[in-house]
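Structure record follows, encoded as structure tokens.
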């Protein structure tokens, strides 16, 4: 399920415009009626299209396997915190094998040119670990 959001003119608030979802039975008639009553356009994906959103599904699987399934979250704020930390880890600290094993967006504090010792760093209470050189 993907919620497409657009910026409204004038008031600056975000308004939901369309909801993209598959044909799963969890999207029953009552659910569809709630979405329709809210004025959100429903876009139902074609049947038998498992790879339609492959990159989004891969990211969701990664974050669930590497972070969310190993934690007990209390509230939406905790979920947002974990997702932000995971996103920072993926983009700035984790090597990507499909991209010649390099960091996609190295941070400005990246000291890979340093001759200092390697140091293990962690995010989310040690759940996500990465290594970097400290300044000599």
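Readers should treat all values here as calculations from the given coordinates under stated rules, not as data from a laboratory. Here the structure is a predicted model, which means the values were calculated and not measured. Cβ placement follows ideal geometry from the backbone for every residue including glycine, while neighbour counts extend to all protein chains displayed.
Among the residues of segment 60-79, what is the count of those that are farther than 18 Å from residue 129 by Cα and either surrounded by 12 or more Cβ atoms within 10 Å (Cβ to Cβ) or under 10 Å from the mean Cα position of the chain (by Cα) (or both)? Number of matching residues: 5.
Tallying residues that are loosely packed, with under 11 Cβ neighbours inside 10 Å and within 24 Å of residue 51 (Cα to Cα) within segment 23-41 yields 4.
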